[in-house]
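Step one of this worksheet: look at the structure below.
The values are calculated or read from the model by the stated rules, or taken from the named source; none is laboratory data. Not measured: the values here are computed from a predicted model. Ideal geometry is used to build each Cβ from the backbone, glycine not excepted, and the neighbour counts take in all protein chains shown.
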Amino acid sequence: MCRRGGFRAIVEAYRRIDKGGEEVAEQGSQRTAADGGIDLAEVARLVAAIEHDLARLPPGAGNVQALRDEVAALKRILDSAAPGAGPVSHRLRNIHSMLQEALDTVVEDAIKGADYVRRIGGMLGM
């Protein structure tokens, strides 16, 4: 999340994971009807990437602990003998919502910050 495009990349990865059928099948994914169309290998890679990014954030930054807990729960599901599509999809949706909220906050803060920079620049004749 700290690296360039972090939130956006995670949201896009979620969209790729949760797409149905043909487009993903054409990419050679090993999905089956039993897993509900979710590429579990892609989910596992995404979980590893999110864990890596979360580890770089200071404790108490935003709602990081709740996101860490959700990612850990998804990882436990993936590590089980037969991860079901329902629980995986549910956790992915929770993570997606949390990240979308965080992204919205970042955008709002950036807009607010840009306004402050503009106003201060105006005061300084810049």
Residue under question is Lys112, and the condition is that it be closer than 14 Å to Val47 by Cα, in a helix (DSSP H, G or I) and modelled with pLDDT of 90 or more; does it hold?
no
Collect the residues in the range 38-88 that are polar (S, T, N, Q) and either closer than 22 Å to Thr105 by Cα or crowded, with 18+ Cβ neighbours inside 10 Å (or both), keeping them in residue-number order.
Asn63, Gln65
Criterion violated by Glu51 - all others in (1) at pLDDT 90 or above; (2) touching an Asp or Glu at 6+ places or on another chain (Cβ under 8 Å) satisfied
(2)
Could you grab me the full set of residues in the range 90-100 that are over 12 Å from Val71 (Cα atoms) and in contact (Cβ under 8 Å) with a residue 24 or more places away in the chain?
Gln100
